[in-house]
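Read through the structure below, which is laid out as structure tokens, and then see the notes.
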Amino acid sequence: MARSARVDAYLARMRKSTRRARIALRKSAVDYFRGDGSDWIAFAGLLLTVPAITLFTIANPVWAAPAALVLPIVAGGLLLRPASLLGLYAAAAAALIVESLALGPYTEGAARVTPGTVLVVAACGLFGLLLAQFRARVGVPWRRGGTMLFDLRERIRVQSALPELPKGWHHEMALRPAGGQSFSGDFVVAARTHGGRTLEVVLTDVSGKGMDAGSRALLLSGAFGGLLGSLPPHGFLPAANGYLLRQDWQEGFATSIHLVLDLDSGDYELLSAGHLPALQLHAGSGRWEEKTGEGPLLGVYDGAEFHPVKGSLRPGDVLMLFTDGLVEAADRDIAEGIDRLTGEADRYVSSGFEGAAWHLIEACAKDVNDDRALLLITREA
């Protein structure tokens, strides 16, 4: 019985040790993927490939050329830190010397270590070292860089999601960044306030476009989302203006339009900070009306005042909010762009505006090199 107890205790210790090793290995793998751990595993693996390639090259130089050493060098430029990369380069240089001695002078035939081979390997090593130094300076390794960009893009999309509206209302939004990129300087934040009776929407166009404005748009969308609903409607734009001024950006201005819509009555207020007017379609007359408030750009000067304009959405009416990329181009002014937008929107009056936002961007500003955003709010008849 004593022997059985010792065996059980030994097995229990083995299971605990195996479990700790498995957890440590898993943690190391996760940290390495995130860029928080050491790169010794990748360094050791790549270091072992150098003598393997060297032996293969010496045995069969026709199928394994000396230039094959660029493979671990390129992989090291993506995986390793600069200090480890220099160690890998030293091993590759030693391998080239061994190959040159084993294969003989390059003047005696093909498949030798030529000056061109040395230049190719050295050039790949230089580019890899520059990439590694850039990643080290930024602090975001390549393994985490793509994931981080994807996460930022998804956060902007989540923050731009519109809340569900009660029966009788329809809304949709379409956003297309400049140049087919994933990031845009245009964004929307929205919330249901006052117990869900009021819809507040803010459409903002940050100076710049595409990737250049994406980081500022992400910062502002988070800040504006926190302000929206936490302040009275007339206090939002002054607070947003103050926040933007505190950032002290060189190119720090933005335009914004703030909609405050009563979902019970259809009455609304629009407050504008240098933004383009909204467009309202009156179902009774079939005519579009421009609705704009008065106010300066955000981030220009302190103490700015924003004066609202009021309106009402009746059954069948449509309200459009959009950014300048949709109506402004080098070959036409904004008035012509607005006329074209309303002309295209008239095609959807009889069939309804469901799915129209994306098609309107396609029809009016498909190839424009600017961020484009369009928000439609419809009160169903």
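Bear in mind these aren't lab numbers, they're just calculated from the coordinates by the rules spelled out. Keep in mind that this is a model prediction, so the values were computed, not measured. Every residue, glycine among them, receives a Cβ derived from its backbone with ideal geometry; neighbour counts consider all protein chains shown.
Sum up the charges of everything whose Cβ sits under 12 Å from the Cβ of residue 274, counting Lys and Arg as +1 and Asp and Glu as -1, but leave residue 274 out. Display every interim value, and only then the final one.
Numbers: positive: none; negative: 205, 294, 324.
Summing Lys and Arg as +1 and Asp and Glu as -1 gives -3.
Using the Karplus curve 6.51 cos²θ - 1.76 cosθ + 1.60 with θ = phi - 60°, what ³J(HN,Hα) values do you get for each residue of the stretch 372-381, in whole Hz, with x for Gly and Pro?
These are the phi-based 3J(HN,Hα) values: 10, 9, 9, 10, 10, 10, 10, 9, 5, 6 Hz.
What distance in nm separates the two pseudo spin-label positions at residue 11 and residue 336, each 7 Å out from Cα along the beta-carbon direction?
Placing both labels 7 Å beyond Cα along the Cβ direction yields 8.6 nm.
What net charge do the residues around residue 169 carry, taking every other residue with its C-beta under 13 Å from that of residue 169, with Lys and Arg at +1 and Asp and Glu at -1? The partial results should precede the final answer.
Details: positive: 167, 192, 197, 314, 379; negative: 164, 172, 262, 264, 317, 354, 380.
Within the 13 Å Cβ shell, the charges total -2.
Whole-Hz ³J(HN,Hα) for each residue in the stretch 277-284, computed from phi via Karplus 6.51 cos²θ - 1.76 cosθ + 1.60 with θ = phi - 60°, x for glycine and proline: what do you get?
After applying 6.51 cos²θ - 1.76 cosθ + 1.60, I find x, 7, 10, 10, 8, 8, 4, x Hz.
Could you give each residue of the stretch 183-195 its phi-based ³J(HN,Hα) in whole Hz, using Karplus coefficients 6.51, -1.76, 1.60 with θ = phi - 60°, and x for Gly or Pro?
Computed from phi, the couplings for the stretch 183-195 are 10, 9, x, 9, 8, 10, 10, 8, 7, 8, 10, 6, x Hz.
Please compute the net charge surrounding residue 366, taking Lys and Arg as +1 and Asp and Glu as -1 over other residues with Cβ under 11 Å from its Cβ. Walk me through the intermediate numbers first.
On the way: positive: 176, 372; negative: 362, 367.
My count for the surroundings of residue 366 gives 0.
Work out the charge dipole of the stretch 271-381 with +1 on the Cβ of Lys and Arg and -1 on the Cβ of Asp and Glu about the Cα centre, then indicate which of 321, 286, 374 is farthest towards its positive end.
The residue sitting most towards the positive pole is 286.
Compute the relative contact order of the stretch 246-338 as a whole-number percentage, counting only Cα pairs closer than 8 Å that sit 6 or more residues apart in sequence.
Working: 169 pairs, mean separation 24.7, N = 93.
That works out to 27 percent.
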